[in-house]
Each structure stands twice: as structure tokens, then as C-alpha cells.
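The values are calculated or read from the model by the stated rules, or taken from the named source; none is laboratory data. Source: prediction; values computed, not measured. Using ideal geometry, Cβ is built from the backbone for each residue, glycine included, and neighbour counts are taken over all protein chains shown. SASA here: full protein model, heavy atoms, side chains in, ligands and nucleic acids out. Shrake-Rupley method; radii C 1.70, N 1.55, O 1.52, S 1.80 Å.
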Amino acid sequence: MTAVLDVRDVVAGYTPTLQILRGVSLEVRAGEIVTVLGPNGAGKSTLIKAVAGLVPISAGDIRFLDRDITGMRTHILVRQGLSYVPQTENVFARLSVEENLALGADFDRAAMEERRGQVLDLFPDLARLGHLAAGKLSGGQRQMVAVGRALMSAPKLLMLDEPSAGLSPKLAQTVFTQLRRIRDAGVTILIVEQNARAALAVSDRGYVLAEGRERMHGSAAELLDSPEVGALYLGAKSRLARK
Amino acid sequence: MMQYVADGIVFAAIISLGAIGLSMIYNILRFANFAQGEIVAAGAYFALAFVALLGAGVGAMGPVAFGWPLLVSMGFAMAATSTMVLLVDWLLFRQLRDKNASRIALIMAAFGVSLMGRNIVTLAAGGDPINYTFYIPRSIELLPGLRLVPDDLAIIAIAALSVLALHLFLSRTTMGRWMRATAENPTLARINGIDTRVVIRWTWIIGASLATIAGTLQGHIVELRPEMGFSLLLPMFAALILGGVGNVYGTVLGAIVVGVSQSLAVAIGLSAYREAVAFMLMLAILLVRPQGLLGERE
Ligand SMILES: Nc1ncnc2c1ncn2[C@@H]1O[C@H](COP(=O)(O)OP(=O)(O)OP(=O)(O)O)[C@@H](O)[C@H]1O
Ligand SMILES: [Mg+2]
């Protein structure tokens, strides 16, 4: 299977003197959902930001759809099919829902209507919120706008940074279910999550990151079964459950 | 009394056109551009150069003591000022941005540009006041008891049309949406495929164009001096802060408050203190609404 995203030995950080990623490799193949797990401060967000061209990369390389994209400017990457939903501040609070969605496809106006239809299909609630300022929405609605906006550019790869953070378990579940639908529609997905169990449940494979290095990787089932992952990210309950 | 209010609104029209550039640069580039006054002055002097080049005077439109020659010159001056400002950005501010310079470094750089700008204008055009034409304001009676100067009305109309055009640009065009998006969150803008460098260029062009209109109109009703823009800087900042940083329309409202309160101060015989009166009012409003008239609370 071809790799949509191929990250090789990437070293990156916000300042030249302090590297946050200290040689991270990761692969996301076409049609997969891949989850990156790790404790707070592990560098998960930094990894996604480095792929999106928002953090300077000092070594290693990143390939997207078989093209070297290391150090490429963010807006160009987005126009080539890479979409990213940040962990926080992922909607324009002062702009309406409608405008937030439109922004996602502004560089490709021809497809705007069709994609708006697809996004509203996925998140029907957004239709009646169209004219509200995104800042007035609840956390769950905002997350829908953020994901919807990211899909407006018809991405080949969708990267989401903690899409379920701050949502009720029920809403979080809805988000993951929708991610599956998005994947089934042909979008490859890379997720960073704290909510390991729910994320792995919809994922094909996963990576565990700690202190800027990859700790382990494997299929979602392997990670769910692994005692180390269980202890660190799934809580003690999972161990008891296995016993 | 009417005349004082009219004077105030004319002044407001001019400072709001200048202050919009200040506001847009502040919101998109995140620094207070202390060289905005010099952009206003440069616009006025460029218009003077084009008036001289065209050699057709300033024209007239009925009772209004300026016409197409001044307006055409102003159009050319908008292009010239924009080019100049883009050049300064490319040579200076862009470099500072690329090096992640602090806000204070950008402000100091703007101070430097401001000083240099005034010196260059003085070198090029001399330090003495100049006029586009010999202009004596003549009021006409519009209604019984209501006398207004036609040029004042023309200036208010030009400013209102400019603000309307800006509003349509910001609310209806893709670039306008990109500007609002970049003002709110530049990183998220890039994630939406927006080339923020292009947005920055448009910000300078719009700010410089409106400043050129302000400078030309100010030059017409008062005079051209190298310090003409610098002396508008304080009222422009007052308008910006009063209206609420982050809201272009607030800037216009702030300008009206500053302009009218200054000329009412003159009306009640406090002409020597007119700026102080305007600032007292600004402080009083800010004590009640720290975020400005139309600003949102952070
Ligand atoms: N903008 C920034 N500038 C400098 N350092 C940063 C910046 N953002 C994050 N860091 C540092 O980089 C390290 C990794 O942060 P990162 O956000 O990638 O972690 P994370 O794995 O996403 O954590 P979390 O689960 O809390 O979101 C942390 O030590 C953090 O302090
Ligand atoms: Mg994070």
C-alpha cells in the first residue's frame, strides 16, 4: 500500500536550540486511520505542526503523496491536499459558521457548493447555525465547524489534534464515528489523542510518542492489548479488565 | 454651531481615513505603525506632484473648489504611495517579521521610518507650507439658517464612499474574508490555504490608499506641510483606541467623537485646549468602556 504521509527521522523544535522532536518516524498509508498517543508534552502537537509546515524542521524529511514537502509553506501544503485541525483555536470566532466553512475552500471556489453539501451531510446541525458567529457555539458545535472547515478543501490527508478534547463522552463518540465515515469516503486520517481507547477503537494503527521519540507502534489491537499502553494511557481499569 | 459640528465631522472624515490604515496594520501585522502620519503626508505630496504634472490645476465641481484634476492626481498618488509603502515593508518590516522581531522592535522601526519620512519630504518639497490651489472656503446657505461649505460636504461624501467601499471589500470579497481571518488568527489562516504574505500586501495597499485620500483632502482644505501627517497621528490613535482596536468601524466612530469634540471645544472658546478636551473625553469613555466603543472584551 502506498504511503500518503511518510515522516522519516524528523528533528524539529520551536527554537534552534531546543529540539522537541528528536528523530520521529511515522507512516500513514492510503485509507488508514492512524492514532498518535503520548503523555502531555510528548511532542504530539509539534509533530502534526511540523508536518503542516508550522514548526521549523532541522533534520529528517517528510513526504506527502510521494513528494518531498519538508519545510514547505503551510498554505501550499493545504492547497495540495493536506488538512489540519488544530487542538485549540481551530475556528474563526468572529466569523460566521458559513464563512468558516467557505474559508476552507476559498482557494478552490469551483468545488465550494458540492463540498458544502458533503460537509452538511456529515454534520447536519451546521446548516441551521450558518449565520451565527463561530465564537458563540458550544464546544461540540465548534469542533464540527473545525472538522467541516478542514474537509472543505477536499483533503487527501486529514490531521486532527485531539478532536475529542473537552467534549462529553457521547459527543466524543459522535466525532469518532464521523471520522470513520470520513475515512470511508476516501480521506486518510491522522489523529493525535489523549482519549486512547476511543481513538484506537476506530483506528487501524497507532504510534506512542514520549519525549519527542517514538516508543512503540503497532496495529490498534496490539496497542490496546499492550500492558505498557494500558498502564499509561488506558488507565488501570483496562488491566483489571484483561485479568 | 452647525458649522462647528460640520468642521468636526470634516476633521473626523480625514482622521478616520488615516486611522483605518493604522487599525488594519495593527490588526494584521500586530504593531502600532507610528509612520502612518508620514504615509498621509506622502500621499498628499504625491498628489501635489501629479497635480503639477497634469498641469490642469485642481478643477472644480460646481460650487466645490476641486474637481477631476485633483481626484485623478489623488488616484495616481494612491498607487504611488502604495508602491512606496510596499517597498518599505519589503526592505524593512518584512525582514523584521521573518526574524520574529518583537512588537517593540517593529514600533521603533516605524518611528525611524516616520522621522526619515518627514526629512525626505522636507528635502524634496521644502519645509514651507504649500497649497494645491488658492482656496478660500465659501459657505452657501443650504436651508434657512444652515450654511455649509460645499467642499466640506464633498469631503464628507468622499470619506463616506471610501468607508462604504472598504466595508463592501471586507464583507463581500474573498480577499476581504482572508483579511478578517488573518486578523483574527494568522496561523489558522495559513491552515486554510491563505497566503498571508498576499494579505499583508493588500493591508498596506488599502491603508496607504485611504491615507492618501486623507492627506489630499487635508492638503486641500488646510495646507501641505511635512509635519501634516505627524500632527494627525495623535488624533488617529485616539480614534483607533476609542473605537475599539480590532474593529475598523469602531475607528470611524472613534474619529467622529474625536473630531466633533475637538471642534466643540473650539466652539465654547477652548480652542487652545481642543486636543486636551478630546483626550479627556477619550479617557472618560475608556474608563467606562476600556475595550473602546465597539471593541469586544478580551
Ligand atoms: N509554541 C511553542 N513554543 C515553544 N515551545 C513549545 C510551543 N508549543 C509547545 N512547546 C513545547 O513543546 C513540547 C511539546 O509540546 P506539544 O504541544 O507538542 O505536546 P503534546 O504532546 O501535544 O502535549 P498535550 O498532550 O499537552 O497537547 C512541550 O515541552 C511544550 O512546552
Ligand atoms: Mg497537543
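Of note:
- FRET E, pair residue B:227, residue A:112, Förster distance 60 Å, beta-carbon r, rounded to 0.05: 0.75
- Averaging 1/r over each pair of different alpha-carbon atoms in segment A:88-154 and inverting the result gives 11.4 Å, the Kirkwood hydrodynamic radius.
- Screening chain A for whole DSSP H helices of 20 Å or more along their axis (Cα) with average Kyte-Doolittle hydropathy at least -1.0 returns A:169-184.
- Straight-line reach from residue A:156: taking Cα to Cα under 12 Å and skipping same-chain neighbours fewer than 8 places apart, the aspartates and glutamates in range are A:32.
- Accessible area in the full protein assembly, largest first, 1.4 Å probe, for A:78, B:252: B:252, A:78
- The mean sequence separation of alpha-carbon pairs under 8 Å and at least six residues apart, normalised by the residue count of chain B, gives a relative contact order of 35 percent.
- If you sort A:98, B:296 by accessible surface, 1.4 Å probe, largest first, the order is B:296, A:98.
- Computed over chain A, Cα set: Rg, Dmax in Å: 17.6, 56
- Most mobile of A:15, A:46, A:174 in a GNM of chain A (Cα contacts under 10 Å): A:15
- Estimated FRET transfer efficiency when R0 is 51 angstrom, pair residue A:61-residue A:138 (beta carbons, to 0.05): 0.80
- Sorted largest first by accessible area at a 1.4 angstrom probe radius, with every protein chain in place, the residues B:268, A:57, A:189 fall in the order B:268, A:57, A:189.
- Ellipticity estimate at 222 nm from DSSP helix runs (n ≥ 4, -39,500 (n - 2.57)) divided over chain B, nearest 500: -24000 deg cm²/dmol
- Volume in Å³ per residue [convex hull over Cα atoms, computed for the protein assembly as shown]: 178
- Counting only aspartates and glutamates at least 8 places from residue A:136 when in the same chain, those with an alpha carbon closer than 16 Å to its own are A:89, A:98, A:99, A:125, B:184, B:296, B:298.
- From helices alone, chain A scores -10000 deg cm²/dmol at 222 nm; the rule is -39500 (n - 2.57) for each run of n ≥ 4 DSSP H residues, then divide by the residue total.
- Hits among aspartates and glutamates - C-alpha to C-alpha of residue B:99 under 15 Å, sequence gap 8 or more where chains match: B:89
- Note on the protein assembly as shown: antiparallel DSSP beta bridges, both residues inside, total approximately 60 percent of the bridges counted.
- Max mean-square fluctuation residue, GNM over chain B, Cα-Cα springs under 10 Å, options B:106, B:146, B:270: B:146
- Under the criterion of Cα pairs below 8 Å and six or more residues apart, the relative contact order for chain A equals 26 percent.
- DSSP bridge orientation in chain A - percent antiparallel, rounded to nearest 5: 60
- The longest stretch of chain B left intact once loop-based trypsin sites (Lys or Arg not before Pro) with at most 11 other Cβ atoms within 10 Å are removed from consideration, loops following DSSP, is B:139-296.
- For the residues of B:191-202, the average number of beta carbons from a partner chain within 10 Å of their own beta carbon is 6.
- Separation of alpha-carbon centers, segment B:230-293 and segment B:119-159, rounded to whole Å: 22
- Computed with a 1.4 Å probe on the full set of protein chains, the accessible area for residue B:202 sits at about 100 Å².
- FRET efficiency for residue A:232 and residue A:72, using Cβ-Cβ distance with R0 set to 30 Å, rounded to 0.05: 0.35
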